[in-house]
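**Q** Before we start, here is the structure in question, set down as structure tokens.
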Amino acid sequence: MGKREEYLEISKEITKLVGGMDNIQGTAHCATRLRIVLKDDSQADLKKLENVSKVKGAFVAGNQLQLIFGAGLVNDVYEVFAEYTHTQNMSLGDLKEQSAKKQNPVQAVIKALSDVFIGIMPAILAAALLMGITGVLGNMEMVKSNESLYALNKLTSLASTGIFAILPMAVCYSAVKRFGGNPVLGMVVGAIMLDSSLANAYSVGSGTVVPEVLHLFGLNVALVGFQGGIIIALMMGFVVAKLDQFFNKKVPDSIKLLVAPMLTVFLSTVLLFTCIGPVGRILSNGITGGLVWATEHLGVFGYALFAGLQQIIVITGLHHIIGAVEAQLIATTGLNFINPLMSVALMGQGGAVLGYLVLNWKNVKARELCIPSFCSTLFGISEPAIFGVNLRYRYPLAGGCLGGAIAGAYVYFANLTSLGFGTTALPGIAIVNPASNGYVHYIVAHVIALTCGFVFAALFGRFAGRKQEEQEEETRENPAEKVEEEKEKFTGRIELTAPAKGRVCPVAESTDPTFSQKVMGDGVVVFPEKGEVQAPCDAVIAFTYPGGHALGLELADGSSILLHCGVDTVNLQGEGFDVLVKEGQRVAKGELLLRFDKALIEKAGYSSEVLMIVSEVADGRKLEVADADSMTDNGTVAVLL
């Protein structure tokens, strides 16, 4: 079986376990997760979804069902899944809109912050890594004394500082884009925040520069730049987007191009200096001051508490906010004490995965799940470990949290900090502050987290008596498995007739390249005489697609058939389609399944062809499709042997 066929089977299984096609509103993916918005989250069987091949974890967060596949793999699975569920043309904005309908205000803010920083994170990661490299090279005598090496290091240094110099502009651009405005206007306002005619914020803060003060309707407006104003940039991105949307609706089309952008930029600038900027500065200083206060007054307890609970924050999705706080912290102090704490928190969970693995080493499924999950933590990705193992069995999560807390205390005593943010674990060593043996302390802290996480998880596992947990789950009586066993016993021949009356042709003659190239599987296409679709054999209705233009059949041997009416008829949003069956219903060969308005479809400019695709052939079975000359109306057009 090829990879695409394997991913198609995974897609089908996921679709069934989330409540069928009718329950899927939209799909998208991030670096590690397939994200699905469902109409009813309660229909998703999370326990069974976790056991789907390649899935490392399943959970609902931010009103989205999120399936952990891991970096790289999720892209390939998403491509097939989106095609199978007919959601490949849905934009990320559409998904956000569907998801937002189910979110409370706090969830909406968290998701928005995540989206803003995802867009600029590659640049931040690149700069952080380069900053770590130039920090190491700059201390080497060989680099200082060699002209070429010195020049390369100087260029590396320039490359590392670029994004941080314009970070407010980048954040404002990304935020405007996220909130539905013209991102170029966000870039313009971001440039205003960093305008060279304004007094530098750092210089004003140190008292070396006195800014010019304007008097606007009784308000004193200090012309100070917003260097490091990450939170202000986020707030301005939202304001610019909403102003842009407002003026584009209100300004007449004849003058919109000139007037709408002008009003957006002007009012945004006024709000920046009179309202958003001052409030944002208070908020930024409060957040940074609060963190600094915690480290100064709570000491080692504060560090341990943060490192112990940080991965719990990952589960809630609140961890996306931390990136903005780290950026603000670096802009204000030049150092980041949060990054090492986040890194050891992650490594504690990695150690807990190993603890669980040792207890369940004889279980093949446990090895397949734990080994890649642990490897992901080494490169700063904890989701497979958290959602695939630790949260699922609970006691490894507790062990990992304790491991992170102990390592967090070490970070405090070692005074370990980073020069950037956005990367942890092995890659994170590149941004470690080398002062006071920083690299050595970084390694020691992670060894502590890994070891303690491992030991506590193993101890908790022994104490809880869960060594055989996964084996027991797999051997429990499962009705679905009985059904599968029955399918495997089926050895009969299944003859498939054409699903509609009309000219029957091989699927290669379909006008839709996806079907004609057999991407979804082999089959036939019927150019119908009238708008009726019949069952090609005895079967069970596996799903009916929203809009009624497609449905799926499951055959006695476990094979699957897709019946699809028209090309691009999903755009009709159900108009002209009448489905006569429902999911789970048994149907007999020749039974009428749906009716459609052939004339309406063709008038709308779409093909009315009916496709029958054998999208999945059961293991050990063989599909034979008749040649073009032997196909007759409603005669046998294919056989499953």
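**Q** Could you give the length gained on full extension between Leu283 and Glu141, defined as 0.36 nm per residue of separation minus the Cα-Cα distance, in nm? Spell out each step's value before the answer.
**A** On the way: separation 142, 0.36 × 142 = 51.12 nm, distance 4.31 nm.
Result for the pair: 46.8 nm of gain on full extension.
**Q** If you don't mind, there's one more thing I want to ask. At a Förster radius of 41 Å, what calculated FRET efficiency corresponds to the Cβ-Cβ distance of Lys48 and Leu263, to the nearest 0.05? The partial results should precede the final answer.
**A** Working: r = 54 Å, r/R0 = 1.31.
According to the calculation, E is roughly 0.15.
**Q** I would also like to ask the following. His215 to Lys603: extension gain in nm, 0.36 nm per residue of separation minus the Cα-Cα distance? Could the numbers behind the result be given before it?
**A** Values: separation 388, 0.36 × 388 = 139.68 nm, distance 6.47 nm.
Extra length available between His215 and Lys603 comes to 133.2 nm.
**Q** On to the next question. Pulled fully out, how much extra length does the chain show between Ser516 and Trp293, if you take 0.36 nm times their separation in residues and subtract their Cα-Cα distance? Working shown, then result.
**A** Values: separation 223, 0.36 × 223 = 80.28 nm, distance 6.50 nm.
So the extension gain works out to 73.8 nm.
**Q** Using only Cα atoms, locate the centre of region 436-457 and the centre of region 524-602, then give the distance between them in Å, rounded to an integer.
**A** The two parts, judged by their Cα centres, are 59 Å apart.
**Q** For the pairs Lys47/Lys589; Lys530/Lys582; Lys518/Lys598; Lys249/Lys598, flag any whose C-alpha to C-alpha distance is greater than 31 Å.
**A** Flagged as over cut-off: Lys47/Lys589; Lys249/Lys598.
**Q** Between Asn248 and Ser148, what FRET efficiency comes out of the Förster formula 1/(1 + (r/R0)^6) with R0 = 41 Å and r the beta carbon distance, rounded to 0.05?
**A** On the way: r = 53 Å, r/R0 = 1.29.
Here the calculated transfer efficiency is 0.20.
**Q** Quote the FRET efficiency, to the nearest 0.05, computed for Lys589 versus Glu509 with a Förster distance R0 of 30 Å and r equal to the Cβ-Cβ distance. Spell out each step's value before the answer.
**A** Numbers: r = 24 Å, r/R0 = 0.81.
Using R0 = 30 Å, I get an efficiency of 0.80.
No value in this document is a laboratory result; all are computed from the given coordinates. All values derive from a computational prediction rather than experimental measurement. No Cβ is skipped: glycine too gets one built from the backbone with ideal geometry, and neighbour counts run over all protein chains shown.
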